[in-house]
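The values are calculated or read from the model by the stated rules, or taken from the named source; none is laboratory data. Keep in mind that this is a model prediction, so the values were computed, not measured. No Cβ is skipped: glycine too gets one built from the backbone with ideal geometry, and neighbour counts run over all protein chains shown.
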2 protein chains.
Amino acid sequence: MADEDEHPAPEAEGIEDHSPLSRRLIARIMYALETNDREMLWAEMEPLHAADIADLLEQSNAYDRRRLIALYGQEFDGDILSELDDSIREEVINLLTPEVLAEAVRDLDSDDVVDLVEDLEDQQQEAILNALEDSERTLVQQSLTYPEYSAGRLMQREVVMAPEHWTVGDAIDFLRNAEELPEQFYHVILVDPRLHPVGNVTLGRIMAARRDVALREIMEETFHTIPVTRDEGDVAYMFNQYHLISAPVVDEEGRLVGVITIDDAMAVLDDEHEEDIMRLAGVGEGGLNDSVFETSKQRVPWLAVNLMTAILASAVIAVFEASIGQLVALAVLMPIVASMGGNAGTQSLTVAVRALATKDLTGSNVGRVLLRETLVGLINGLIFALVMGAVGRVWFGGPELGYVIAAAMVINLVVAGLAGAAIPVMMDRMGIDPALGSGTFVTTVTDVVGFFAFLGLATVFLV
Amino acid sequence: MADEDEHPAPEAEGIEDHSPLSRRLIARIMYALETNDREMLWAEMEPLHAADIADLLEQSNAYDRRRLIALYGQEFDGDILSELDDSIREEVINLLTPEVLAEAVRDLDSDDVVDLVEDLEDQQQEAILNALEDSERTLVQQSLTYPEYSAGRLMQREVVMAPEHWTVGDAIDFLRNAEELPEQFYHVILVDPRLHPVGNVTLGRIMAARRDVALREIMEETFHTIPVTRDEGDVAYMFNQYHLISAPVVDEEGRLVGVITIDDAMAVLDDEHEEDIMRLAGVGEGGLNDSVFETSKQRVPWLAVNLMTAILASAVIAVFEASIGQLVALAVLMPIVASMGGNAGTQSLTVAVRALATKDLTGSNVGRVLLRETLVGLINGLIFALVMGAVGRVWFGGPELGYVIAAAMVINLVVAGLAGAAIPVMMDRMGIDPALGSGTFVTTVTDVVGFFAFLGLATVFLV
């Protein structure tokens, strides 16, 4: 069954939308739901990949989702559960009949079952574990003993290995006679007698080599083993950095316990980016399918932090109430200095957070980067001091206000550059994710410094 | 040669730093440079992967980089060039002697050469093309005729294909007798007589099947072909969505012209994320290695846009100068309403931009998402209206100022939720990358609405 045989049909392709979930298809699926036409629903959904069906369920509202799952019935595949967003996974599992759930779960690889059950509540977890065969259940339960977000949770337990002294002929005979091989594998892992991995041989090289060639001679040059407790983010980084396709996972004694393949590492890389971008914006873990109240709850904490820092900035303004009372133009201009500082700080911050995530910013160049960001702040501060000085002068008549806003602009953009780079670096050194809330800290600094510099200089020189 | 044989040594592992570029190693490399000790440099750098050497060059300053490349000499590998960040690639190419450059480039696969030369200036491009063998040069020049960021630029030209009617035995005999096979390949692509791909067979299944089994019978279920002009971002999305390992690329007539493997798709996914996060922050394309002046130049445009929007917000304040003159507390409190709106707007915006990028936000659920974001804005607006109403009342004595700030907070957070989600959706519909500058537009809206609502209500009810 070629379920995704996307024969090229360039004429039918839009510019933007290559999604298999076309409006027309969704309309037909909805029609099948309305008319309770199971045959039609199956026919329409048959060409869809599990990932697309998961997207369809995510994009439906709760009512359609319930109807869809009920009508789709026993066709429901375990892979759909794997692909579903966490936020509706529990809901969907509860909608499945025990028989459909058991059938769906039994098809999955051990790593997919682990991914599925690790976030579920005890009752659902038990229902799924009970549906598995004994040997499979043991593998899954073993994996669950490793820490969350570790290589042990990510790895597949089914590995293809060979003694290091084997020849190509030995490997071919072994593979051709093997009772059961994993669904997807790309390498044969060479191991020493104590089960320590010593190298990877690609299937392509085994195919192409003479039977009497030793496997050791055609091992891949790049070879990494992954400790079972290694953080999954580091695993994704390794795959991306070294272009790995699969890598063996080893326990504390260095013995082979599993294998991680690049498709899982790619999914982790994607999740890590999601986390970074969400954390930078002060948004919690939530997805598009969370309810209004859940979403509100996720976002309140950072709004509360922001409120406190905004009150801090207001307190700085309050110090200069008398000056503002005498010269209201100060109230009009002060947000400009703060806003420019916030913007410049966010630029530096984002570059620093990203460089820390990709390990491009390290101990060896941190001094240079901090200096560069500060100098960029100085140059951009001077540029916008000129612009804003002129604007202030024209807008409010005299040159004095222009000088003050120009000076405050330079001060705030230099501070923005330095703080924007230094705050994430410090958070990283303290073992805190630099994406987490650093934006709020940096804008607090630029608000406070911006208001203080502008209003302070104005009070000294103008009022 | 197992150049990265990272034997597990858990006791030696730090919590944070798994980089092979340890401080100790860098110190030894620097010592080799100082003492001009080529043997020592080679020995120290021998275990490093090309990607790590590229990182080392990126993290060095320009002076050390020059010395390092000069001393490293003919050991310089083409893969290092592939791994280097664009910002210093030209510099490094200029530092290589023509012989070393030619030698380095000749080892690379066609897709890596394309990636290398596409951003170079004509003179450097020519130097590299001239170093290639004729057949290789033709392949590279063909690839360069495809649009930038298309599948055609990303694909490898070396493919392993078989007629669709072959059996496992035919494929094995073909592979074992092939003169030259690509360095990395995981599938045999089945093609019809007109060279249209009809399916993928993994090497693992070929190995495991009996010789008389037809290849068609063991094809993978999931099969996608990629049009050669497809945007590389869409390609990366497909690999991630469908867990592809490799996929054939076809021309306008649907004929097989190349193959894309997941490691390249993963690198694109990483780049796309980088672009999103940088664009959200209003930072240009630059890297950590750009000079101070280049960096300044990249960041000035969005700062200039921000200045204009900040002046717009100031103009709103200027309308209410008289009110502020009468009640200076307004100047103290007004940044709080604007800041909370900006923060809430950025939260909605980030969720929307990310959901658009992952194709989770589509025509079928956009109404629901906009409604949800607006309702979340309303709820959070009410929460912080209560808090800030109480703070305003205590801070400034009377209840009236508390009512006004509370009302302005609700208005601004509702607008923030709606605008934060709607602006990226509208940009996407217009074919503009929603990450590009949407942050500035959203905060402009929340600044203007925040100041206008707060100062306007205050003018009507308090002054």
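Close Cβ contacts (under 7 Å, 6 or more residues apart or on different chains) running from residues in the range B:65-76 that are of a type in the set (D, E, K, R) to residues that are surrounded by fewer than 17 Cβ atoms within 10 Å (Cβ to Cβ) comprise B:E75/B:W42.
Is it the case that some residue within the range B:401-418 is free of Cβ contacts under 8 Å to residues at least 12 places away in the same chain and out of contact with any Pro (no Cβ under 9 Å at 6 or more places or on another chain)? Taking every residue of the range B:401-418 in turn, none turns out to be free of Cβ contacts under 8 Å to residues at least 12 places away in the same chain and out of contact with any Pro (no Cβ under 9 Å at 6 or more places or on another chain). Taking the conditions (1) touching a helix residue (DSSP H, G or I) at 6+ places or on another chain (Cβ under 6 Å); (2) free of Cβ contacts under 8 Å to residues at least 60 places away in the same chain in turn, B:T440 satisfies each one other than (2). The listed residues are A:T309, A:T295, and the only one of them that is crowded, with 23+ Cβ neighbours inside 10 Å, polar (S, T, N, Q) and at negative phi turns out to be A:T295.
Restricting attention to the range A:245-270, the residues that are free of Cβ contacts under 8 Å to residues at least 60 places away in the same chain, buried (at least 21 other Cβ atoms within 10 Å of the Cβ) and more than 8 Å from chain B (Cβ to nearest Cβ) total 1.
In summary, A:L190 fulfils each of the numbered conditions (1) surrounded by fewer than 22 Cβ atoms within 10 Å (Cβ to Cβ); (2) at pLDDT 95 or above; (3) touching a Phe, Trp or Tyr at 6+ places or on another chain (Cβ under 8 Å) with the single exception of condition (1).
Filter the range B:188-206 for residues that are at the interface with another protein chain (Cβ under 10 Å from one of its Cβ atoms) and not hydrophobic (A, V, I, L, M, F, W, C); which is farthest from B:S110 (Cα to Cα)? Checked the range B:188-206; the qualifying residue farthest from B:S110 (Cα to Cα) is B:R205. Residue count for the range A:125-153 satisfying the condition of being within 28 Å of A:L269 (Cβ to Cβ), out of contact with any Asp or Glu (no Cβ under 6 Å at 6 or more places or on another chain) and of a type outside the set (A, V, I, L, M): 12. Quick one: is B:L175 in contact with a helix residue (DSSP H, G or I) (Cβ under 9 Å, 6 or more places away or on another chain) and over 17 Å from B:A247 (Cβ atoms)? Taking the combined requirement at face value, the residue satisfies it. Taking the conditions exactly as written (on the phi < 0 side of the Ramachandran plot, more than 9 Å from chain A (Cβ to nearest Cβ), over 33 Å from the mean Cα position of the chain (by Cα) and at pLDDT below 90), does B:E217 satisfy them or not? Taking the combined requirement at face value, the residue does not satisfy it.
I want to confirm something. Restricting to the range B:332-352 and keeping residues that are of a type in the set (S, T, Y) and within 7 Å of chain A (Cβ to nearest Cβ), which single residue is surrounded by the most Cβ atoms within 10 Å (Cβ to Cβ)?
Just the residues of the range B:332-352 that are of a type in the set (S, T, Y), to begin with: B:339, B:346, B:348, B:350.
Now restrict to residues that are within 7 Å of chain A (Cβ to nearest Cβ): B:339, B:346, B:350.
Numbers: B:S339: 28, B:T346: 26, B:T350: 26.
The qualifying residue surrounded by the most Cβ atoms within 10 Å (Cβ to Cβ) is B:S339.
Would you please name the residue that is nearest to the other protein chains (Cβ to nearest Cβ), looking only at residues in the range A:279-292 that are assigned to a helix (DSSP H, G or I) and over 21 Å from B:V366 (Cβ atoms)?
If we filter the range A:279-292 for residues that are assigned to a helix (DSSP H, G or I), which is where we start, we get A:279-280, A:292.
This time we only want the ones that are over 21 Å from B:V366 (Cβ atoms), so: A:279-280.
On the way: A:R279: 10, A:L280: 7 Å.
Per the criteria, the residue is A:L280.
Only one of the numbered conditions (1) surrounded by 24 or more Cβ atoms within 10 Å (Cβ to Cβ); (2) facing chain A (nearest Cβ under 10 Å) is not met by B:R368, and that is (1). Residues that are modelled with pLDDT of 50 or more and in contact with a Leu (Cβ under 8 Å, 6 or more places away or on another chain) were ranked within the range A:1-24; the one that is farthest from B:V201 (Cα to Cα) is A:L21.
Please count how many residues of the range B:349-408 are of a type in the set (K, R) and either outside any helix (DSSP H, G or I) or touching a Lys or Arg at 6+ places or on another chain (Cβ under 7 Å) (or both).
Start the filter on the range B:349-408 by keeping residues that are of a type in the set (K, R), which leaves B:354, B:359, B:368, B:372, B:393.
Going one step further and asking which of them are either outside any helix (DSSP H, G or I) or touching a Lys or Arg at 6+ places or on another chain (Cβ under 7 Å) (or both), we end up with B:359.
Of the residues in the range B:349-408, 1 are of a type in the set (K, R) and either outside any helix (DSSP H, G or I) or touching a Lys or Arg at 6+ places or on another chain (Cβ under 7 Å) (or both).
Checked across the range A:311-331, the condition of being under 25 Å from the mean Cα position of the chain (by Cα) and either at the interface with another protein chain (Cβ under 9 Å from one of its Cβ atoms) or of a type in the set (V, I, T) (or both) holds for no residue.
Looking only at residues in the range A:154-180 that are of a type in the set (G, A, S) and closer than 18 Å to B:G169 by Cα, which one is nearest to the other protein chains (Cβ to nearest Cβ)? Let's see the steps before the verdict.
Step one: list which residues in the range A:154-180 are of a type in the set (G, A, S), which gives A:162, A:169, A:171, A:178.
From what's left, closer than 18 Å to B:G169 by Cα: A:169, A:171, A:178.
Values: A:G169: 11, A:A171: 9, A:A178: 6 Å.
Checking each candidate, the answer is A:A178.
Residues that are at pLDDT below 95 and over 29 Å from the mean Cα position of the chain (by Cα) are absent from the range A:264-287 altogether. Looking only at the range B:122-131, decide whether some residue is of a type in the set (D, E), assigned by TED's automatic domain parsing to the domain that holds B:H49 and closer than 30 Å to B:V250 by Cβ. Looking for residues that are of a type in the set (D, E), assigned by TED's automatic domain parsing to the domain that holds B:H49 and closer than 30 Å to B:V250 by Cβ, one finds none in the range B:122-131, hence no. Is it the case that A:I88 is more than 15 Å from A:E136 (Cα to Cα) and without any contact (Cβ under 8 Å) to a residue 40 or more places away in the chain? No; evaluated as a whole, the condition is false for this residue.
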